[in-house]
Amino acid sequence: MSDVTKPAAALAHPILTSGLDRRRFLAGAAGLATLGAGFTPSAPAIAQAAPLKVGFMLPYSGTFAKLGKFIDDGFRLYVEQQGGKLGGREVAFFQVDDESKPEAATDNMNRLVGREKVDVVVGTVHSGVAMAMVKVARDSNTMLIIPNAGVNEATGPLCAPHIFRSSFSNWQVCYPMGKVMHDAGHRKVVTITWRYAAGQQMVAAFKEGFSAAGGSVIEELALPFPEVEFQALITQIATLKPDAVFAFFAGGGAVKFVKDYAAAGLNKTIPLYGSGFLTDGTIPAQGEAANGIKTTLHYADNLDNAANKAFLSSFKAKTGQDGDIYAVQGFDGAALLNLGLTAVKGDMGARPAMIEAMRSAKFDSPRGPMSFNRANNPVQDVYLREVRNGRNEMIAIAQKSVDDPARGCKAQS
Ligand code: BEZ
């Protein structure tokens, strides 16, 4: 078992891993101490010579384990492509397995911020865990890059200049699906999800778009996270006979839901739609059951741009696996940090300038063009995809340059 797949207890002492080897780090520190008379490095020079401490707080176990691993792999891939550096500085990684447990999130975050004194935290996947992380990041003024969790508040009422997302908001990826499903002729829809922030906010955003287009949600079904006993709810869907179903599940839960839906024969009679997490990174395990599912997301496997082609081939070469949205978000999180740090020559002390460079960044991401709104949430295209040939194929742009409304975010300095 590799370190990253051990349970949280085993990762209680986060480990210094690749990107900087411990021997070189110690030698570098000793070298600075013995430079001798006549050389007095300034504080920023010392800070810039030290490795950048990046703390990953991600799920390395549980239903979102693969998502966390792919974010980690994507981030490291970008760092490797920069010769093991970000903004000219070597990188030291620290990892905590958050297990997608909101109740442990504050302690886990404090471990990285208080004990390891990381320069930046990268995390996480689960919206409930991210809420606690955002609060600690605000209280401790720690730089935070969220490489997945869509919780609207992070770039809404709890927005802060030093909190960025390289991912999406829950509103952003689901609102466009309302019009898509109405245009497809569906009028009465049942929703199904886990009962926690991400599921509730994604369903609310879909409902907002669907109602605006003239459709109605006739039943909202939910079960506690991360339960996967779907049978009773699938039976209820069969009884309700809606025109279609909209679902949010991800990771291992998404695999089980899609297979159970098909095993009940509903994929032949009631079309299944969802946010793209239902089928991203999960198709190999879902097999035939995933065919024909339509989803909206800010990524698709077949995006025909140079950045995506290069990313997919280098991710495959590094990991032996096909990249997905989680890997892209990790990769882009590192790219964003690199851009900010490069602007200040690696000096995290020059944070206002670093933040300004990040906020005004415009990238060619594997997902397509990406920039940031005033709340530090990406502005990006949301694609309509369909599972065909074992891939999430883009069939249209559901909505161009979608900008989360950042409701409740006070103007940022
Ligand atoms: C969330 O909790 O925000 C989330 C988890 C998995 C995939 C997408 C969103």
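Return yes or no: is residue 281 open to solvent by 10 Å² or more (accessible area, probe 1.4 Å) and either away from the ligand (no atom under 14 Å from the Cβ) or not in a helix (DSSP H, G or I) (or both)?
Numbers: open to solvent by 10 Å² or more (accessible area, probe 1.4 Å): yes; either away from the ligand (no atom under 14 Å from the Cβ) or not in a helix (DSSP H, G or I) (or both): yes.
Spelling it out, residue 281 is indeed open to solvent by 10 Å² or more (accessible area, probe 1.4 Å) and either away from the ligand (no atom under 14 Å from the Cβ) or not in a helix (DSSP H, G or I) (or both).
Taking the range 110-134 as the region of interest, how many residues are in a helix (DSSP H, G or I) and more than 16 Å from the ligand (Cβ to nearest atom)?
6
For residue 107, work out the one condition from (1) in contact (Cβ under 8 Å) with a residue 12 or more places away in the chain; (2) more than 12 Å from the ligand (Cβ to nearest atom); (3) surrounded by fewer than 24 Cβ atoms within 10 Å (Cβ to Cβ) it doesn't fulfil.
Going through the list (1) in contact (Cβ under 8 Å) with a residue 12 or more places away in the chain; (2) more than 12 Å from the ligand (Cβ to nearest atom); (3) surrounded by fewer than 24 Cβ atoms within 10 Å (Cβ to Cβ), residue 107 breaks only (1).
Do the conditions hold for residue 289, that is, is it outside the structural domain of residue 84 (by TED's automatic domain parsing) and surrounded by fewer than 23 Cβ atoms within 10 Å (Cβ to Cβ)? Reasoning before the result, please.
Details: outside the structural domain of residue 84 (by TED's automatic domain parsing): yes; surrounded by fewer than 23 Cβ atoms within 10 Å (Cβ to Cβ): yes.
Spelling it out, residue 289 is indeed outside the structural domain of residue 84 (by TED's automatic domain parsing) and surrounded by fewer than 23 Cβ atoms within 10 Å (Cβ to Cβ).
In the range 130-181, which residues are of a type in the set (Ser, Thr, Tyr) and more than 21 Å from residue 120 (Cα to Cα)?
175
Please determine, by comparing only the residues of the range 300-322 that are open to solvent by less than 30 Å² (accessible area, probe 1.4 Å) and touching a Gly at 6+ places or on another chain (Cβ under 7 Å), which one is farthest from residue 168 (Cα to Cα).
Of everything passing the filter in the range 300-322, 315 is farthest from residue 168 (Cα to Cα).
Checking the condition at pLDDT 95 or above, over 22 Å from residue 327 (Cβ atoms) and not β-branched (Val, Ile, Thr), which residue from 119, 98 passes? Give the steps one after another, and end with the answer.
Working: 98 fails: over 22 Å from residue 327 (Cβ atoms).
The match here is 119.
Tally the residues that are assigned to a helix (DSSP H, G or I), more than 16 Å from the ligand (Cβ to nearest atom) and surrounded by 13 or more Cβ atoms within 10 Å (Cβ to Cβ), restricting the search to the range 239-262.
So the count comes out to 5.
Which strands (runs of 3 or more DSSP E) does the range 354-413 wholly contain that include 2 or more residues that are out of contact with any Cys (no Cβ under 6 Å at 6 or more places or on another chain), open to solvent by less than 30 Å² (accessible area, probe 1.4 Å) and outside the structural domain of residue 138 (by TED's automatic domain parsing)?
378-388, 391-402
The values are calculated or read from the model by the stated rules, or taken from the named source; none is laboratory data. As the structure is a computational prediction, the values presented were derived from the model and not from experiment. In this analysis, Cβ positions are derived from the backbone assuming ideal geometry, glycine residues included, and neighbour counts consider all displayed protein chains. Each accessible area value is taken on the protein alone, full model and side chains, heavy atoms only, with ligands, DNA and RNA left out. Shrake-Rupley method; radii C 1.70, N 1.55, O 1.52, S 1.80 Å.
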